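The values are calculated or read from the model by the stated rules, or taken from the named source; none is laboratory data. All figures in this text were calculated on a predicted structure; none of them were measured in a lab. All Cβ positions, glycine included, derive from the backbone under ideal geometry; neighbour counts span all protein chains shown.
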């Protein structure tokens with residue numbers, strides 16, 4: 001039996017078949033440069049008409065414009081909230097200073113001319129003042145022990161920030177033995193005014209029985225209290241400016 005010869009395929013048919021396989025399909029045609037899919041920023045895959053959810057150039061520009069408007073409104077809202085917060089903080093500081101002023105005026109105005117006997121046998125009035133501290137005894141309708149006599153100490157604390165100080169008050173129920181040197185008597189401490197440029201006390205009265213009344217940076221008399229006490233506070237303009245508080249001691253002894 002003779003072997004059959006392989007079928008002969010015309011050269012033209014081979015060339016047509018090769019060209020048919022080399023033609024781009026629907027997907028390649030859409031991805032090709034200059035293809036119909038290049039007019040939009042959207043890539044389509046498959047022949048079922050489904051897309052990958054892309055955006056057109058117009059949609060992207062509109063989104064950027066809206067995002068810019070939202071950020072602008074958000075920035076304005078943040079600035080408004082910050083301004084409101086700063087105003088509230090300034091109001092709180094001003095209110096705190098007014099309350100501190102009322103407290104000092106009420107308690108210091110009722111400072112009593114009490115006398116205490118010390119260990120050495122000396123007797124002196126319970127009042128002592130320097131430029132940055134003041135101690136006295138006065139009644140109070142309320143406190144750690146209710147309505148009673150209290151020993152007060154007003155002090156200018158330099159604090160940790162250079163050039164800034166704090167006005168504080170220390171108080172405790174009055175006991176005569178607290179007059180001993182080094183006695184720990186302050187059981188409570190409160191801040192009256194914060195963030196001060198400076199604060200200082202002055203005292204008006206006779207430094208000696210035969211002297212004329214005048215202002216003094218310290219009160220050293222042991223037999224009498226001063227007539228007036230001045231508290232000068234320097235603050236920033238945003239905090240309400242300076243304060244000059246002059247208090248008359250209504251229960252003072254006669255300084256003669």
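Side notes on the structure shown:
- Residue in the stretch 200-208 that is outside any strand (DSSP E or B), closer than 25 Å to residue 114 by Cβ, more than 22 Å from the chain's Cα centre (by Cα) and modelled with pLDDT under 90 present: no
- Scanning the stretch 205-234 for residues that are touching a strand residue (DSSP E or B) at 6+ places or on another chain (Cβ under 6 Å), crowded, with 17+ Cβ neighbours inside 10 Å and in contact (Cβ under 8 Å) with a residue 60 or more places away in the chain returns 219, 225, 226, 229, 231, 233.
- Residue match in the stretch 152-167 (condition: at pLDDT below 90 and in contact with a helix residue (DSSP H, G or I) (Cβ under 7 Å, 6 or more places away or on another chain)): no
- Restricting the stretch 93-112 to residues that are modelled with pLDDT under 80 and out of contact with any strand residue (DSSP E or B) (no Cβ under 6 Å at 6 or more places or on another chain), the residue that is surrounded by the fewest Cβ atoms within 10 Å (Cβ to Cβ) is 95.
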